[in-house]
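To start, the structure under review is shown below, and the notes come after it.
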Amino acid sequence: MATNIYITSTEDSSGKSIVALGVLDTLVRQGLRVGVFRPVTFISGERDEVLESLLAHDGVSLPIERCVGVTYDDVHRDPDAALTVIVERFHEMEKECEAVVIIGSDYTDVATATELSFNARIAANLGAPVLLVLRGRGNADRSRGGLVAQPPRSVKELVNLVEVALPELDKEHATLFGVIANRVEPGHESAITDAISKAATGVIAGAIPEDAFLVAPTLERVRQSINGKLIHGDPDLLQREVLSAKVGGMNVEHVISRLNEGEIVLIPSDRSEVLLAVALAHESDRFPSLAGIVLYGGYPTPEAMWQLIEGLDSSLPIIETDSTTYETVMRVMDTRSRFAPDSQRKYDTAIALFEANVDATALMERLNVTRAEVVTPLMFEHDLLQRARDHKKHIVLPEGDDDRILRAAGTLLSRKVVDLTILGDESDVRARAKELGVDISAADVISPHSEIFVQRFAEEYAELRKAKGMTVEQAREIVTDVSYFGTMMVHLGLADGMVSGAAHTTAHTIKPSFEIIKTKPGTSVVSSVFLMALSDRVLVYGDCAVIPDPTAEQLADIAISSAATATQFGIEPRIAMLSYSTGTSGAGDDVEKVRAATELVRTMRPDLLVEGPIQYDAAAEPSVAATKMPDSEVAGRATVFIFPDLNTGNNTYKAVQRSAGAVAIGPVLQGLNKPVNDLSRGALVSDIINTVAITAIQAQESGS
C-alpha cells in the first residue's frame with residue numbers, strides 16, 4: 001500500500017498548492033513512484049491548474065484523468081455517492097504508486113456543513129493523514145486578488161484556527177499529521193511554529209513566510225482578465241509576474257515619479273503623452289523596470305506616437321482593452337495568482353521557501369518513508385544541489401548575455417546553491433533579468449572591461465606567459481575576453497570555479513584554463529566525463545569531449561581521473577577499459593592500446609578495480625559477463641566506462657542519452673588544479689544548473 005498524505009486547508013487562498021509542491025518534491029527525491037490525486041475538481045472541461053501544476057513535476061507521469069475523483073457538481077447532487085466514487089478512483093490509481101499526495105478542495109462550496117469536515121471525511125476514507133494548511137493573511141476587500149494587500153494574522157488568530165479545526169477533524173475520524181501556516185508575516189515564523197506545536201501537540205508544525213512574488217499574477221493572466229490584446233512588445237514577457245498596478249491618469253511628472261518595480265501602468269488610451277513618458281522611463285536605468293502597460297478606453301493612439309514607441313526598440317508589453325477605467329481597475333485587481341507549471345521562478349521560490357521552513361527529514365520520518373536503493377536522475381540531481389548547498393562556493397558565469405544563464409542563475413540563487421558572479425554590462429544584464437522575471441539581485445555583475453580588474457589580470461597573465469613573450473599591453477586585450485576574465489577570477493581566488501560554453505565553443509572555454517590554471521600534479525592531461533543518470537543508477541563515461549585519440553598513457557590517465565571523479569560524486573569506481581574485443585579474444589593496434597592502458601592503471605593504482613580490454617555488453621550486463629568473464633570483479637558491474645577514442649565515446653553517450661532516455665550531465669572536466677567546466681551550446685537551463693552544482697562540489701573537494 002502506498003504512503004499517502006491529504007493536504008487541505010481551513011479556507012480559500014491558503015496557498016496549499018505551494019505546500020503540496022514541497023511535499024511532492026520531497027517524496028520524488030526519495031526515488032518513489034509518486035502520484036497526485038484531486039478528490040474534488042471543477043466541472044467537466046474546466047482546467048484544474050493546481051492539479052496540472054503538480055502533475056507537471058518531473059517524476060510524476062500519470063495522466064490527469066486518472067488523478068481526479070468527482071466534480072463539485074457531483075458532490076452537490078449526492079455527497080455520499082460522490083464519496084464512494086472518490087474512494088474507488090483513488091484506489092485504482094494508488095495501485096501504481098508508492099506514495100500519493102492528495103489535494104483537498106478549494107473552498108468553492110461543496111454543499112456540506114463545513115468544507116473542512118467534508119475534506120476530513122474524504123481523508124479518513126482514503127486512510128490518509130491530514131496536513132492542514134492555515135492562511136497567514138486575513139481577509140481584505142477583494143482578497144482573492146493577488147494585487148491587493150491582506151493584513152497578517154496574529155499568532156493568536158492562527159492558534160484559534162487550529163483549535164476550531166481539531167474537533168472537525170476528530171469528528172470525521174481523520175488523523176492530523178501536521179499543521180503549516182502559510183503566507184505568514186516574515187520574521188514571525190518561529191513564534192508561529194512554537195504556538196502551533198503547543199495547540200496541536202505531537203504533529204509536524206511549520207510556518208512559511210509571505211512572498212509577494214508567489215501571490216502575484218502573471219501579465220498574461222491580467223491580459224485574460226481584462227480581455228486585452230497584446231499590441232506591442234515581446235510575447236514571452238507576458239509570463240512576467242505583476243507585483244502592483246497603478247492608474248496613470250495624473251500629469252506625466254506625477255506618474256513617472258511614482259513608478260514601482262514589476263508594476264503595470266493603466267493608461268487612458270487618449271493620454272499618449274503619458275504612454276510615451278512611461279515607455280521612456282522603463283527604458284531608462286534611472287527608473288524601475290515595469291511589467292507592462294495597459295491602454296484602456298478604446299481611443300485610437302496617433303500613428304506618430306506609435307512611431308516614437310517603435311523607435312525605442314522596446315520589448316515592454318503593451319496591452320489594449322476597450323474597458324472603462326472602473327472596469328479595467330476592478331478586473332485587474334481581481335486577477336488571482338495561480339501556481340502555473342510554466343513559471344520557473346515561482347517553482348524555485350516555492351521549493352526554496354518549503355525547504356527553508358519545513359523540516360523535510362522529520363516529514364519523511366513521520367510518514368515512514370525510506371529512500372529507495374536505486375538512484376534516479378531526479379535523486380542524483382537533488383543530491384548535487386544539496387551537496388553544493390552544504391558548503392557554498394562562488395562560481396563565475398561569463399555569459400551574462402544569454403537568457404539561459406540568467407534563468408539558471410535565478411534558480412541557483414533562489415535555492416541558495418552557490419554564490420554567483422555574472423559577467424557582462426551590469427545595467428544590461430540586470431535589465432534583461434528583470435524583463436525575464438528572474439531575480440539575480442544576490443549575484444555580483446561585473447563588466448569584463450572593468451579597469452579595477454583588467455590591469456591586475458593583465459599583469460598576472462603577462463607574468464604567467466612571459467616565457468611566450470607576452471606583454472602587459474597584449475595581455476590587457478586578452479583578459480577582457482569573458483573566458484579569460486572568468487578564468488583569471490578562478491586563478492586569483494576571486495571565484496572558486498567557472499562554468500561557460502552555452503554561447504562559446506569548447507576550445508574558447510577551456511583554452512584559458514590550460515594556460516592559466518593548468519593540470520594537477522601527477523596528471524598528464526585534462527580530460528572529461530559525462531555523468532550518465534539512467535533510470536536506476538548513475539554511470540561515468542570518459543573521455544567524450546576533449547582528447548580525440550588518446551595514447552595508452554593518456555588513456556590510463558583518463559581512467560584514473562575518471563575513477564576519482566566517480567568517487568567524488570558517490571559512485572564506487574569499477575573501471576571498464578572498452579574495446580571491440582573482450583580479454584584475449586582479439587588482437588590489433590587498437591586492442592593493444594587498451595590492453596597496455598589497463599596494465600598501466602593496475603601498476604599506477606593497484607587499489608582500483610579495472611578490467612580491459614572489454615566490450616560494453618560484457619562490462620554492463622551480468623548475463624553476458626557470466627559467459628565472457630565469469631571471474632571478473634568488474635565485468636557486468638562496471639560503473640566507469642573508458643572509451644578508446646573520442647569518436648566512440650561521444651557517439652556512445654549521445655546514443656544512450658537519446659535511446660535510453662538517460663540524463664547526460666557534463667562534460668565534467670577533470671585534471672585541472674581548479675574547476676572549470678564546459679557547457680554544450682544546446683544546453684538547457686537544467687543542464688547549466690547541474691553543471692554549476694558539479695563545479696561547486698569539485699571546488700569543495702579541491703579546496704578552492
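Things worth noting here:
- Search result, residues across the range 570-580 that are modelled with pLDDT of 90 or more and assigned to a loop (DSSP other than H, G, I, E, B): Ile571, Glu572, Pro573, Ser579
- Note on the range 165-220: residues that are open to solvent by 50 Å² or more (accessible area, probe 1.4 Å) and part of a loop (DSSP other than H, G, I, E, B) total 9.
- Any hit, the range 33-45, residues being touching a residue at least 12 places away in the same chain (Cβ under 8 Å), open to solvent by 10 Å² or more (accessible area, probe 1.4 Å) and assigned to a helix (DSSP H, G or I): no
- Taking the range 408-517 and the strands (runs of 3 or more DSSP E) fully enclosed by it, no element has 3 or more residues that are more than 12 Å from Pro398 (Cα to Cα) and under 23 Å from the mean Cα position of the chain (by Cα).
- Pairs are defined by a Cβ separation below 7 Å, a sequence spacing of at least 6 or placement on different chains, a first member in the range 482-505 that is open to solvent by 10 Å² or more (accessible area, probe 1.4 Å), and a second member that is assigned to a strand (DSSP E or B) and modelled with pLDDT of 95 or more; the pairs so defined are Val482/Leu423; Asp496/His394; Asp496/Ile395.
- Counting only helices (runs of 4 or more DSSP H) that sit wholly inside the range 221-313, those with at least 2 residues that are surrounded by 20 or more Cβ atoms within 10 Å (Cβ to Cβ) and of a type in the set (A, V, I, L, M) are 252-256, 272-283.
- Near pairs, Cβ below 7 angstrom, 6+ apart or cross-chain, from the range 621-636 (farther than 10 Å from Glu611 by Cα) to any residue that is loosely packed, with under 13 Cβ neighbours inside 10 Å and modelled with pLDDT of 90 or more: Gly636/Pro622
- Qualifying residues in the range 310-327 (those that are of a type in the set (Val, Ile, Thr) and out of contact with any Pro (no Cβ under 9 Å at 6 or more places or on another chain)) - the one farthest from Lys229 (Cα to Cα): Thr324
- Matching residues in the range 431-470 - criterion: being among the acidic types (Asp, Glu), in contact (Cβ under 8 Å) with a residue 40 or more places away in the chain and surrounded by fewer than 20 Cβ atoms within 10 Å (Cβ to Cβ): Asp439
Yes or no, residue by residue, for (1) crowded, with 24+ Cβ neighbours inside 10 Å; (2) modelled with pLDDT under 90; (3) not in a helix (DSSP H, G or I):
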| position | (1), (2), (3) |
| --- | --- |
| Arg658 | no, yes, no |
| Gly661 | no, yes, yes |
| Gly666 | yes, yes, yes |
| Arg681 | no, yes, yes |
| Ser686 | no, yes, no |
| Asn690 | yes, no, no |
| Ala696 | yes, no, no |
| Ser704 | no, yes, yes |
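- Residue in the range 216-229 that is among the acidic types (Asp, Glu), at pLDDT below 90 and farther than 26 Å from Gly138 by Cβ present: no
- Which numbered condition Val23 fails, given (1) in a helix (DSSP H, G or I); (2) within 23 Å of Thr71 (Cα to Cα): (2)
The values are calculated or read from the model by the stated rules, or taken from the named source; none is laboratory data. Note that this is a predicted model, so its numbers are computed, not measured. Counting neighbours? That spans all protein chains shown, and the Cβs are built from the backbone with ideal geometry, glycine included. For accessibility, only protein heavy atoms count, side chains too; no ligands or nucleic acids. Shrake-Rupley method; radii C 1.70, N 1.55, O 1.52, S 1.80 Å.
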